[in-house]
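See below for the structure under consideration.
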Amino acid sequence: MWDGDEHRPGEWPGRTGGRTVMTSTVTVTRGLATRDGVTLPVVCVLLASLALALASGAEPVVVPATTWPVLVAMVVAVVALVAAIRALGGGWSDLRRLLTLLTVMVAAYPGVWALAVIVTGQAPNSTAAWATGVLAGIAHLPVVGAFSVVPLISVRYLGPGTGRSVLAAVFVLGAAAAATFVVFFDDFDPLRASALVPSAFGERVGMALNLCYLATVVLGPGMALLATWRSAADVAAARRLAMVAGSSLAGTLLVMVCGAVGGASILGAVVLLVGMYAALAVVVTGCVRSLATQLVGPAQTATSPMPGMLSMPPAERAAQDPSTAGPESTSAKSAPNDGPGRAPVATGAATTAGGLEVLTRRENEVMQLLADGLSNAGIAARLVLSERTVDAHLRSVFVKLELPQGPEHNRRVQAVNAFRAGATAAPADAPWTRASA
């Protein structure tokens, strides 16, 4: 929240540029306003927010959130977030809803401040002025929380190191910061509103909670770097986690630099808000790319089937890519296992590059995502299943491949190696028949 003196509209250079922003935004968003359940509500909130920001120009109070540089940055960030949501492709329903809600809040932020300015000008020191002032004062909290929540969710979907408890702690801390602001804070100048419960001690507690919540922005890059280090043995997961770490670290540093450079003036607040929008676009885009990008390399060879091909019947899959066709199955029976740790030897069982026909279609899909570096939580989110269901599919895969059990064996690694090899039979020294650390 900006705490400063009142400014006349003419005192901010380029204030009238907001009309150009509004006109350009209508043109830009015309192609985005589709009825897909994502962009339509976002565009409606975006246009309403810009309209309120322009309407607040007639009021004697000007706040940084309604200046045209911030409005331009907001529009660019919203377009980037919508593009990121669309890049997710199929699945990811929970993450898609979260990012859609975040995009709506990002678009609404200038409008909330503009509404508070308008209400304060029309009815100063009223209940409505207090309510809109409080709403404006806490409107930044969800945006700040995204700098930690989005990377933490991505880390949870890709590797070890992040449980629900860390995410819950961020949400609880944000809710506590918002609650104390609503109850105790009365520094709503220039919006001219008084605290609900005046208390100097309450203000200090609220300030401490707010600072702790702001400090959570370092959780995202910190946990991503830790998870990348812990997943070094899994090339696919490590590469994806490195994307999360890089984007979240870049976004956090950008916000910190803008805050340090801007200072406490109105110009400094504008610089900080512009940097916040740019950094948020970097963080979300990087995290989404880490989940949606198809890796080619050690994690997925050029002969591996394209995404979705494992869901096709073998004949259709072979028609689209002859390299995935294998010999016809002549028997469904498996030969006896010749030694400990051997994968089952299926007599004449058909195989595909990157897939095992001894597995069901869903099991192949689960294994494809596991080989691509996703954790059980990530596979569940991608396929819109429960984690318990994913775990059941993996246990079934382990049984069908007759992978050895025990603390000295990593059956997940063995199953991935078998899946990448694309065979249901292997010599005794095959990679997935050896113990993995």
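Is it the case, given these coordinates, that ALA136 is without any contact (Cβ under 8 Å) to a residue 60 or more places away in the chain and in contact with a helix residue (DSSP H, G or I) (Cβ under 9 Å, 6 or more places away or on another chain)?
Working: without any contact (Cβ under 8 Å) to a residue 60 or more places away in the chain: no; in contact with a helix residue (DSSP H, G or I) (Cβ under 9 Å, 6 or more places away or on another chain): yes.
No; evaluated as a whole, the condition is false for this residue.
Could you identify the single residue in ALA237, ALA242 that is touching a residue at least 60 places away in the same chain (Cβ under 8 Å) and not in a loop (DSSP other than H, G, I, E, B)?
So the residue among ALA237, ALA242 that is touching a residue at least 60 places away in the same chain (Cβ under 8 Å) and not in a loop (DSSP other than H, G, I, E, B) is ALA237.
When you go through (1) at pLDDT below 95; (2) assigned by TED's automatic domain parsing to the domain that holds ALA146; (3) not small (Gly, Ala, Ser) one by one for VAL283, which number turns out not to apply?
Among (1) at pLDDT below 95; (2) assigned by TED's automatic domain parsing to the domain that holds ALA146; (3) not small (Gly, Ala, Ser), VAL283 violates only (1).
Are any residues in the range 103-146 of a type in the set (Gly, Ala, Ser), outside any helix (DSSP H, G or I) and modelled with pLDDT under 90, and if so, which ones? Full working, then the answer.
We begin by selecting, within the range 103-146, every residue of a type in the set (Gly, Ala, Ser); these are 107-108, 111, 114, 116, 121, 123, 126, 128-129, 131, 133, 136-137, 139, 145-146.
In the following step, the residues that additionally are outside any helix (DSSP H, G or I) were identified as 123, 126, 139.
The answer is ALA123, SER126.
Looking at the range 395-413, which of its residues are modelled with pLDDT under 90 and of a type in the set (A, V, I, L, M, F, W, C)?
PHE398, VAL399, LEU401, LEU403, VAL413
Among the residues of the range 82-102, which ones are surrounded by fewer than 16 Cβ atoms within 10 Å (Cβ to Cβ) and either acidic (Asp, Glu) or in a loop (DSSP other than H, G, I, E, B) (or both)?
Result: GLY89, GLY90, ASP94.
Which one of these is in the same structural domain as MET256 (by TED's automatic domain parsing), in a helix (DSSP H, G or I), over 21 Å from SER290 (Cβ atoms) and over 15 Å from the mean Cα position of the chain (by Cα): VAL76, VAL166?
Within the list VAL76, VAL166, the selection yields VAL76.
Run down ALA392, ALA437, ALA426 and say which single residue is at pLDDT below 90 and either exposed (fewer than 15 other Cβ atoms within 10 Å of the Cβ) or under 20 Å from ALA233 (Cα atoms) (or both). Steps first, answer last, please.
Values: ALA392 fails: at pLDDT below 90; ALA426 fails: either exposed (fewer than 15 other Cβ atoms within 10 Å of the Cβ) or under 20 Å from ALA233 (Cα atoms) (or both).
Of the residues listed, the single one that is at pLDDT below 90 and either exposed (fewer than 15 other Cβ atoms within 10 Å of the Cβ) or under 20 Å from ALA233 (Cα atoms) (or both) is ALA437.
Does the range 147-163 hold any residues that are assigned to a helix (DSSP H, G or I) and of a type outside the set (Gly, Ala, Ser), and which are they?
PHE147, VAL149, VAL150, PRO151, LEU152, ILE153, VAL155, ARG156, TYR157, LEU158
Regarding VAL416, is this residue at pLDDT below 90, within 32 Å of the chain's Cα centre (by Cα) and not in a loop (DSSP other than H, G, I, E, B)?
Judged against the criteria, VAL416 is a match.
The values are calculated or read from the model by the stated rules, or taken from the named source; none is laboratory data. Nothing here was measured: the structure is a model prediction, and the numbers come from that model. A quick note on method: Cβ atoms are made from the backbone with ideal geometry, for glycine too, and the neighbour counts reach across all protein chains shown.
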